[in-house]
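What follows draws every value from the coordinates through simple rules; no lab data is involved. Given the structure is predicted, the values throughout are model-derived calculations rather than measurements. A quick note on method: Cβ atoms are made from the backbone with ideal geometry, for glycine too, and the neighbour counts reach across all protein chains shown.
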Amino acid sequence: MVSNAESKQTDVGPKRSRPPLPVLQVVTDDPNPEEARGALAADPPLLPDDDFIRELAEQSQRLETATPQEILQWGVERFAPRFTMATAFGPEGMVIIHMLSEIAPETSVFNLETGYQFKETLDLRERVKQRYGIEVEFKYPELSVEAYEQLHGGPLYKTDPNRCCFDRKIRVLHQAARGCYAWASAIRRDQSPDRARAPIVGWDRKFQLVKISPLANWTKKQVWGMISKHDIPYNELHDRGYPSIGCKPCTRSVELGEDERAGRWSGFQKTECGLHSS
Ligand code: SF4
């Protein structure tokens, strides 16, 4: 059942004054320190001190009973304009884009365009633009598919998918997230044992960002209930036996009764691309 507070956008709990974000002080031995500081000050990374980590843990606990919209609202109020979202255009991501279009349509949203995605996935960028006016930005790896495969003597996804994901997703997210303090992730806890431990709000050490997972407590049924209720665009491959969609060479359709992520990196031990594992 879709949350009964689905369209509610009120804050949860008493309003509290929010402490300033702990931003790393720029120390430089540059001969022209003011200029160096000025350039870096536009992009100071967050410094996750003890107070800040405690604040995140408290908020995460408080938001356990909040609706996804309330969680997103909190994230936007606390971190915008340094709040962003990465999407692979999965059903959960489409639901979050729908919510953001009502809460904070100016939020920057990007897709890690590995060069190996399905055409049906890439087409969603245009469908999102038409429906919400939100332009999802493609973020590309350093090398084109051709150059990358030439460098490695063929496609690495066949022999070393971890390295391929690292080069074509993880590195790109590191780059794309520069200047941001927080990102929204579309993971659900019931998707995998790895994801079962995800907090609503937490410090993402890998990317040095606050990670906010508004759908952590939602089920697949709730996600599809909302898609159906609001006619949210979704990847048409879902109607053809692909419950979870990544890059084309690493995704297959699944049989009835198989786990929803069984079609990802089938034949390898790999279950995650590394974006959501520590
Ligand atoms: S999902 Fe496959 S093709 Fe895509 S980056 Fe990872 S290994 Fe490479």
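Numbers for the structure displayed
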{"item": "J(HN,Hα) series, the stretch 225-241, from Karplus relation 6.51 cos²θ - 1.76 cosθ + 1.60, nearest Hz, glycine and proline x", "result": "x, 6, 4, 5, 4, 9, 6, 6, x, 8, 5, 5, 5, 4, 7, 10, x"}
{"item": "Cα gyration tensor shape of the stretch 121-278, rounded if a/c is under 1.5, else prolate or oblate by comparing a/b with b/c", "result": "rounded"}
{"item": "Cα centroid separation, the stretch 104-149 to the stretch 54-96 (Å)", "result": "21 Å"}
{"item": "Amide H contacts of Q117 (H built 1.01 Å from N, under 5 Å, at least 5 apart or other chain)", "result": "K248"}
{"item": "Nitroxide proxy distance, nm - points 7 Å out along Cα→Cβ at Q175 and R131", "result": "2.9 nm"}
{"item": "Antiparallel bridge percentage (DSSP; both residues within the stretch 49-250; nearest 5)", "result": "30 percent"}
{"item": "Loop-resident sites, the stretch 213-266, for GluC sites (Glu not before Pro), counting at most 10 other Cβ within 10 Å (DSSP)", "result": "E255"}
{"item": "Listed residue pairs exceeding 28 Å between alpha carbons, taken from K129/K211; K129/K206; K169/K229; K158/K229", "result": "K129/K206; K169/K229; K158/K229"}
{"item": "Cα-centred dipole magnitude for the stretch 49-250, charges only on beta-carbon of K, R (+1) and D, E (-1), debye, nearest 20", "result": "420 debye"}
{"item": "Projected label distance in nm at R18 and I53, using a 7 Å step from Cα toward the beta-carbon", "result": "2.2 nm"}
{"item": "Spin-label model distance (nm) - L122 vs E142, 7 Å beyond Cα toward Cβ", "result": "2.3 nm"}
